[in-house]
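Undergrad: Pasting a structure here, questions to come.
The values are calculated or read from the model by the stated rules, or taken from the named source; none is laboratory data. None of the values given here were measured: they were computed from a predicted structure. Cβ: placed from backbone, ideal geometry, glycine included. Neighbour counts: every protein chain shown. Ligands, DNA and RNA are excluded from the accessible area calculation, which covers all protein heavy atoms including side chains. Shrake-Rupley method; radii C 1.70, N 1.55, O 1.52, S 1.80 Å.
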Amino acid sequence: SAASVGYKTAKALGLRSLERDIFLDDASRDPDYIRSQVLKMIAISKKHGYAVGICHPYDETITVISGMMPELQKQAQVISVSEALTDRKQFGKYSD
């Protein structure tokens, strides 16, 4: 939710946390839309050093991401949120 206080609350409590940069399928399940969101996520990661993308487990989303994985892996390191939080003591929105 755009009104979520989860990230701010976690930070205030001193918890390691991440905030999403982009929602891959919030506005549409259309594969072209999802593809464009993945490309935006790559651009964000190149600009800021990382990007956090979230999505629903829709068939369309899974198909697009699976198909784009070779391209994604060429342009960025793909890791889980758990890995990101384990590798770093703190993550803040572009605080690096």
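Undergrad: Residue 19: assigned to a helix (DSSP H, G or I), open to solvent by 50 Å² or more (accessible area, probe 1.4 Å) and of a type in the set (Asp, Glu), yes or no?
TA: Spelling it out, it is not the case that residue 19 is assigned to a helix (DSSP H, G or I), open to solvent by 50 Å² or more (accessible area, probe 1.4 Å) and of a type in the set (Asp, Glu).
Undergrad: Looking at segment 35-58, which of its residues are over 17 Å from residue 73 (Cα atoms) and buried (at least 16 other Cβ atoms within 10 Å of the Cβ)?
TA: Passing the criteria: only 55.
Undergrad: Given the conditions (1) at pLDDT below 95; (2) open to solvent by 60 Å² or more (accessible area, probe 1.4 Å), report the number of the one that residue 85 does not fulfil.
TA: (2)
Undergrad: Give me the residue from segment 26-78 that is part of a helix (DSSP H, G or I) and hydroxyl-bearing (Ser, Thr, Tyr) and, out of that set, modelled with the lowest pLDDT.
TA: 45
Undergrad: Here's something else I'd like to know. Within segment 16-52, count every residue that is in contact (Cβ under 8 Å) with a residue 12 or more places away in the chain and among the small types (Gly, Ala, Ser).
TA: So the count comes out to 4.
Undergrad: Next question. Could you count how many residues in segment 22-34 are in contact with a His (Cβ under 7 Å, 6 or more places away or on another chain) and surrounded by fewer than 17 Cβ atoms within 10 Å (Cβ to Cβ)?
TA: Result for segment 22-34: 0.
Undergrad: May I pose another question? Any residue at all in segment 32-43 that is closer than 21 Å to residue 2 by Cβ, touching an Asp or Glu at 6+ places or on another chain (Cβ under 8 Å) and among the charged types (D, E, K, R)?
TA: No, because not a single residue in segment 32-43 is closer than 21 Å to residue 2 by Cβ, touching an Asp or Glu at 6+ places or on another chain (Cβ under 8 Å) and among the charged types (D, E, K, R).
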